[in-house]
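Okay, so here's the structure we're looking at.
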Ligand code: ADP
Ligand code: MG
């Protein structure tokens, strides 16, 4: 008959500093299916080391290990995890149950990593616990169970995925003799049902219940005998049916693995987070503040840009303004723009309207009130050009401009100052300097532009003839026809005027280029705000990373247990990664809520501003928190996944 386990010349040494310690020396051993083998020997003789190699938790330094003719020594870490999961069941002296999980949840654990569905897991865990007399205790935490009961939970866990080979390292070592006796009876029963049981003990009476006793001393086998008491000398041919339900080895696709493990990992992560509420909350606070500041500053940046562009729009879009002088600040060509330019420009097919502007500043008077105001002499096209609307009266006509009529338009601020109590001011006569004018209209205030100063408009002919007495213009405003290209028209206009004037004694401002430069400036401003906000998000992320590292250290033993019962490195990685993503996403959601509240407050403070949470800000919050979750979870998760299960299990 072929042995189930076959060790040939197994060596194991450790390096302690630069000193080589030989722990196992030339171990050759065959164990058959259905045997119950006890390994005895003094403390330090290498029993646990041998068990760990048998169970695929450790690798020999030399020799070969075959399990049902499969060469174990050649397997990679993932395949070893697979063996631990599917073929072996570990029972430890100190039970190694997870303190935060109930008995049933502990028992279910190996099946999670084997990709079994929830219902199946629950039913099997419950029936295993029931068959070990723990039906009533399935929802108890380990701390609420006696040592003997905890050990039976760990036996149930070892059987969860079939447990073809049960490896028990001093399973009764921490129990009183009665509980120890019960555990031995259970192991004996399991063996009778077809499981192969290998146990380590230093108690001769316990060893006597095995079929076979192997004695180790100083890492070598010094005796290998059939047991005497209660032992069965021959392996029975037929076994009672029982727990021995070897489950088929499952090879699952990465996608199925991800789908099933991530839901379980999410559940486990939630339990961990809930168990450390305060700590998680404080860690999360960093992310909450980070996400809220990113979202709010982006919203504010958008609102500021909106506001600036709105103001620009109120100045008139697709308009070009021509000023005298070769550029801003030039004093030489102050007289280069004249009335003669106006009809010339108006004739161009791409021009819709033109207005000359002659500016001045004068004292204006009505009754006893006397105020300094800025005066613009413009053409009748001006109202159309700057999209003015009127709360009273209307703009002056072409005929009034031709005639140099003494008519005036006020802006709302000036009207309030001069006529605080009057309901209608059109038709009233006021003084500009010494010249009487009739008020024909009042310009309606635009909500977005805010305080506008005190302003009055007259026909430019009137201003030129009666106030300034000069022949030149301060600027010429041109409105383009719908669809005319701003830059193109600016070029044509330049060529036209250069030809006419004989030199370039003017400069041009185009609302389109102004808008572009403002957009560029506010864009930079927004980027700057976002960068500042990102700093707080990064700080929050570092907080999460830090706590995740602490958590990995705290849960070293838990990681060891998970790996011993068959978790792959990627299972552990996924679990910690999902935990940090969950923390960050929850923090992100809270941050979004905080931004929504702040938005309402800001709206109150800045009426007229368009501030609101948009879909894109939600997407930004989601992706930023997801991203910080992955970034801050990655390093801790990798550290966790790279742990050596043996070292982790020994961690206190
Ligand atoms: P037992 O279980 O029989 O008491 P172990 O197998 O635990 O003995 O250990 C056998 C010997 O190997 C001990 O002397 C122990 O100090 C040594 N040993 C075990 N693990 C390591 C290790 N990781 N590094 C160095 N020495 C080790
Ligand atoms: Mg030991």
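Each value in this text was obtained by applying a stated rule to the coordinates, not by laboratory testing. Every value quoted in this text rests on a predicted model; they were computed, and no experiment measured them. Glycine gets a Cβ as well: all are built from the backbone with ideal geometry, and neighbour counts include every protein chain shown.
Stokes-Einstein D for the chain at 20 °C, 1.002 mPa s, Kirkwood Rh over Cα pairs, in µm²/s?
66
DSSP beta bridges in the chain, what fraction antiparallel, as a percent rounded to 5?
70
What is the Cα centroid distance between segment 635-651 and segment 511-579, reported in whole angstrom?
When both Cα centres are located, 22 Å separates them.
What distance in nm lies between label points placed 7 Å from Cα along the C-beta direction at residue 391 and residue 253?
For residue 391 paired with residue 253, the spin-label model returns 7.1 nm.
Assuming R0 = 25 Å, what is the FRET efficiency of residue 177 and residue 202, from their Cβ-Cβ distance, to the nearest 0.05?
0.95
Restricting to segment 337-504, compute how many DSSP beta bridges are antiparallel as a %, nearest 5.
Around 75 percent antiparallel, to the nearest 5.
Once the Cβ-Cβ distance between residue 487 and residue 285 is put in as r, and R0 is 51 Å, what FRET efficiency do you end up with, to the nearest 0.05?
0.50
Output the relative contact order of segment 337-504, whole-number percent, from Cα pairs under 8 angstrom with separation of 6+ residues.
Rounded, it is 33 percent for segment 337-504.
Points 7 angstrom from Cα along the Cβ direction at residue 372 and residue 644: gap in nanometres?
According to this spin-label approximation, the distance is 8.7 nm.
Could you line up 339, 95, 113 from fewest to most neighbouring Cβ atoms inside 10 Å?
So the residues, fewest neighbours to most, are 339, 95, 113.
Relative contact order (percent) for the chain, with alpha-carbon contacts under 8 angstrom and 6 or more residues of separation?
It comes to 16 percent, rounded to a whole number.
Taking the 0 to 90 degree range and rounding to the nearest ten, how far is the long axis of helix 147-159 tilted relative to the main principal axis of the chain, both from C-alpha atoms?
That works out to roughly 80 degrees.
222 nm [θ] for the chain, helices only, -39500 (n - 2.57) per DSSP H run of 4+, per residue, to 500?
Result for the chain: -15000 deg cm²/dmol, rounded to the nearest 500.
Which of 195, 604, 202 has the fewest other C-beta atoms within 10 Å, and how do the rest follow up to the most?
Placing the least packed residue first, the sequence is 604, 202, 195.
Over the Cα atoms of segment 337-504, how large are the radius of gyration and the largest Cα-Cα distance (Dmax), in Å?
16.9, 54
For segment 48-99, what is the relative contact order in percent, using Cα pairs closer than 8 Å and at least 6 residues apart in sequence?
30
Roughly how tilted is helix 486-501, in degrees to the nearest 10 and between 0 and 90, from the longest Cα axis of the chain?
Relative to the chain, helix 486-501 is tipped by roughly 30 degrees.
How far apart, in nanometres, would the label points at residue 499 and residue 517 be if each is projected 7 angstrom from Cα along the Cα-to-Cβ direction?
2.8
At a 10 angstrom cut-off on C-beta neighbours, averaged per residue, how do the peptides 562-568, 128-134, 361-367, 343-349 rank from highest to lowest?
For the peptides 562-568, 128-134, 361-367, 343-349, the packing ranking is 562-568, 128-134, 361-367, 343-349.
Cα centroid distance between segment 38-69 and segment 256-304, in Å?
44
Any chance you could run the full-extension gain for residue 350 through residue 275? It's 0.36 nm times the residue separation minus the Cα-Cα distance, nm to one decimal.
19.7 nm
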